[in-house]
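The values are calculated or read from the model by the stated rules, or taken from the named source; none is laboratory data. From a predicted model like this one, the values you see are computed outputs, not experimental measurements. Cβ: placed from backbone, ideal geometry, glycine included. Neighbour counts: every protein chain shown. Side chains included, ligands, DNA and RNA excluded: accessible areas come from the protein's heavy atoms. Shrake-Rupley method; radii C 1.70, N 1.55, O 1.52, S 1.80 Å.
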Amino acid sequence: MTRESFKTTGFVLRTLSYSESDLIVTFYSHDFGKLKGIAKGAKRSKKRFANVFEPFSLTNIIFTRKSRDMLAFIESCNIIDHYHTIRQDLEKTLIASYFIDLTDHFSPEGKNNEKLFQLLQDFLIMLSQEKVSDCAIRFFEMRLLKLTGFEPALERCIICKTPVTNGNSYYFYPRDGGIKCSVCARPERYDQSISTGTVRTLLLGKDMDIDKIKLIALTDSLAMESRNILTGFISHVLGREVKSLKVMEQVRKLCI
Ligand SMILES: [Zn+2]
C-alpha cells in the first residue's frame, strides 16, 4: 500500500523519545485535529528538524501515512512561529504550557476541530503580545470546555430551570455539570457555593471579543472562586489533575 502525503499546520503539544534518534511528536493540527507522528532521526539531524519540536511552536508539517489510524511519518517540519516573547517569560511559558496541555487532554486523536485550533492560536498570540491576567486563563478554559462539548450549565438552575438572578445563592456540582439554586441544592458541607458574580464572569468569558479580555480585572475573591470552580470541574471531567496547572501554581508561590 502506498503512503498518501499531506500538508497542514500544527502546534506541538508534546514529544516522546522513541529510540536513540527518533521522536514521536504530537501536534494539534489545523486540518486533522490531534496528530501523532514519528520524526525519524530528529534527535540526530539538527538540520532536518531544527528546533521545531518545542512545545507550543506553530509549524508547517508535511507527513505521509498509510491510513488514518496509523502513526504518521513526518517528512518535514518547519517553524511558522516560535513565540519568542512567550518563551522569554517564565510566567507566560507556564500559561502557554497549560493551554496546550488542556488542548491535548480534551482532544481525541484524529477528530478535527478547527475552532479549537483557532482558540489556541488566538490565545497564544494574545499571550505573546500582552500581559495576561488569570481572567484570560479562565476564559480559555470556558471556551475550550464549550468547544469540546463540556460546557458547564451556568445560565440557570439545572433542576428548576430558573435563570440566575442577582441576590440568590447557588452551588456548583461538577458531577452534574452545572449549578443549582439554594432551593434545589440542599447543600452539604463540601458543596461549592458560587456567587452570581462568578457565574456572570464565566458566562461572559465564553464568547467575549478576545481584544476586550485584557480590559477585565477580577477581584481576588472572584478570581479565586472562578479558578476553584473551573479547575475542579476540569479535574472531574478528566478524572485527574492537570499537571501543568499545578506546576504553574507552585512556581507562582515560589516567586511571590
Ligand atoms: Zn432551582
Can you find, among Pro152, Ser221, Pro187, the residue sitting farthest towards the positive end of the charge dipole of the chain, where Lys and Arg contribute +1 and Asp and Glu -1 at Cβ? Pro152
Taking a crude spin-label model, label points 7 Å out from Cα along the C-beta direction, the Gln250 to Thr165 distance in nm is 4.7 nm
Computed helical MRE - 222 nm, the chain, DSSP H runs ≥ 4 contributing -39500 (n - 2.57), nearest 500: -12000 deg cm²/dmol
What Rg and what Dmax come out for the range 1-129 when only alpha-carbon atoms are used, in angstroms? 14.1, 47
Beyond 25 Å between alpha-carbons counts as too far, so tell me which of Lys92/Lys253; Lys131/Lys206; Lys66/Lys243; Lys36/Lys206; Lys7/Lys43 fall in that bin. Lys66/Lys243; Lys36/Lys206
Cα centre as origin, Lys/Arg/Asp/Glu Cβ charges: the chain dipole, Debye: 540 debye
Percent antiparallel among DSSP beta bridges confined to the chain, nearest 5, equals 90 percent
Evaluate the charge dipole of the range 4-82 about its Cα centre and quote only its size in Debye, nearest 20, assuming +1 on the Cβ of each Lys and Arg and -1 on the Cβ of each Asp and Glu. 200 debye
Please find the FRET efficiency linking Lys214 to Arg68, where r is the Cβ-Cβ separation and R0 is fixed at 25 Å, and quote it to the nearest 0.05. 0.05
What are the ³J(HN,Hα) values, in whole Hz, obtained from phi via the Karplus relation 6.51 cos²θ - 1.76 cosθ + 1.60 with θ = phi - 60°, for each residue of the range 224-230 in sequence order, with x given for Gly and Pro? 5, 5, 4, 4, 5, 5, 6
Determine the share of the range 4-82's accessible area contributed by carbon and sulfur atoms, expressed in whole percent, with a 1.4 angstrom probe. 51 percent
Taking 0.36 nm per intervening residue step and subtracting the Cα-Cα distance, what contour gain separates Ser195 from Ser5 on full extension? 63.2 nm
Toward the positive end of the charge dipole of the range 4-82, about the Cα centre and with charges on Cβ (Lys, Arg +1; Asp, Glu -1), which of Leu23, Ile61, His82 goes farthest? Leu23
With an 8 Å cut-off on Cα pairs and a minimum separation of 6 or more residues, tell me the relative contact order of the range 4-82 in percent. 32 percent
Residue by residue through the range 12-19, what is 3J(HN,Hα) from phi via Karplus (6.51 cos²θ - 1.76 cosθ + 1.60, θ = phi - 60°)? Round to whole Hz and write x for glycine and proline. 6, 8, 6, 10, 9, 5, 9, 8
Over the range 108-191, what is the relative contact order in percent, taking alpha-carbon pairs closer than 8 angstrom and at least six residues apart? 19 percent
Residue-normalised accessible area of the chain, expressed per residue, 1.4 Å probe, Å²: 53 Å²
What area, in nm² and to one decimal, does the C-alpha convex hull of the range 126-256 cast on average over all directions? 9.0 nm²
Counting just the Cα atoms, what span does the chain cover along each of its three principal axes? Round to the nearest Å and put the largest first. 63, 43, 31
